Amino acid sequence: MAWGTFVQRLFGNKGSSAELAKDRLQVVVMYDRLGLSAGQLEALRKDIMETISRHVAIDSERVKIDFLPTPAEVTITAPVRRIRTRGEAQKQQTG
Amino acid sequence: MSGRAIVITSGKGGVGKTTATANLGLGLARHDRKVVLVDGDIGLRNLDIIMGLENRIVYHLVDVVRGRCQVRQALVKDKRFPHLALLPASQVDQKEAINPEQMRELVAQLKEDFDFVLIDCPAGIEQGFRNAVAGADEAIVITTPDVSPVRDADRVIGLLQNSMGDPQLIINRMAAEMVQRGDMLGQQDVLDILAVNLLGIVPEDDEVIVAGNRGAPVVLNDRSRSGQAYGRIVRRILGEDVPIPELNGYGGFLHRLGKLFSRR
């Protein structure tokens, strides 16, 4: 929750449906613009995770893919557990 | 003369396209511009009744396109402004009765005689939309601050950007009290999502219904809030720099205090 919302709620302004509407719209509009369904998005997420995991140990539970409108932007947040050495990565790929 | 052809569109039905077309047309006519309103909603004619001109129709758009009459014969002159005319839609034909190329020719012809050609687009993004958009140089997208009209507006904006560049946006039926309560998307929320230039905001107003009943659009009523809003939008279309007044509600003390902390 943003501080602004918190302050508004503190003063008796109950949960904002407008904020919910905006969040939902931002997601749905981004899917529309990309021409992606939720299923395709999940597939994209899996592919990206696999690719990153081949080189870096990431916390797969916490991988986040965000689509931001205007200017359109895809941000991938993948918390790194530890960076493997080149040797380790190669061993895993061949082994 | 070469006028400006502007299509008024929304994607979603029922958000106020026809009402806006009527009001913008009358508003421009009040500024002494020669204006023709084209009802692009073939099969569901409505602009005539909103304008109070439903009893004067002889020919319609499909008649013109099919060569059954001259454009001049099909134009219905407004009772209030002699330099404002309506080209009604057919009530019996289908959207497929005309094609985009025919519409382009028709609008080009109208632009020779009028300063403004306002095209009222049907809902949807199929043939009727493609026809209505075909001859236009500019577009105005109407939405209300609700989830589904905003989503559809985004789709339509995407389609328009491919063919004619950025449209301008009118947010219709904004209720300041609801925005203040946090129960309606505010102007900035809608703009954050749609990212186009805002042409104006029309407040929620019972007078719009009354005006519809009478066939006398609100822009003619200088005391109504929505009429005033349309008046300002018209001046912006004419190139005047008219600020968009803040709807009472957004910008209150708590909101500003909230903003101070939110660092957004």
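For segment B:1-95, the relative contact order is 32 percent, taking Cα pairs closer than 8 Å that sit 6 or more residues apart in sequence and dividing their mean separation by the residue count. Peptide packing: for B:128-139, B:193-204, the average count of neighbouring Cβ atoms within 10 Å per residue gives the ranking B:128-139, B:193-204, highest mean first. Here the convex hull built on the C-alpha positions of segment B:150-220 has a volume of 116 cubic angstrom per residue.
Helical content of chain B, expressed as a calculated mean residue ellipticity at 222 nm, amounts to -12500 deg cm²/dmol (DSSP H runs of 4 or more residues, -39,500 (n - 2.57) each, divided by residue number, nearest 500). Counting Cβ atoms of other protein chains within 10 Å of each Cβ in A:20-30 and taking the mean gives 5.
Only beta bridges with both residues in chain B are counted; by DSSP, about 5 percent of them are antiparallel.
Let me have the relative contact order for chain B, percent, based on Cα pairs under 8 Å that are six or more residues apart. The value is 24 percent.
With a 10 Å cut-off around each Cβ of B:188-195, the average count of Cβ atoms from other chains is 4.
Pairs with C-alpha atoms separated by more than 30 Å, drawn from the list A:Lys22/B:Lys95; A:Lys64/B:Lys17; A:Lys22/A:Lys64, are A:Lys22/B:Lys95; A:Lys64/B:Lys17.
Computed from the coordinates by the stated procedures, all read-outs in this text should not be read as laboratory data. Owing to the predicted nature of the structure, the values given are computational and were not obtained by experimental measurement. Note: ideal-geometry Cβ built from the backbone for every residue, glycine included; neighbour counts use all protein chains shown.
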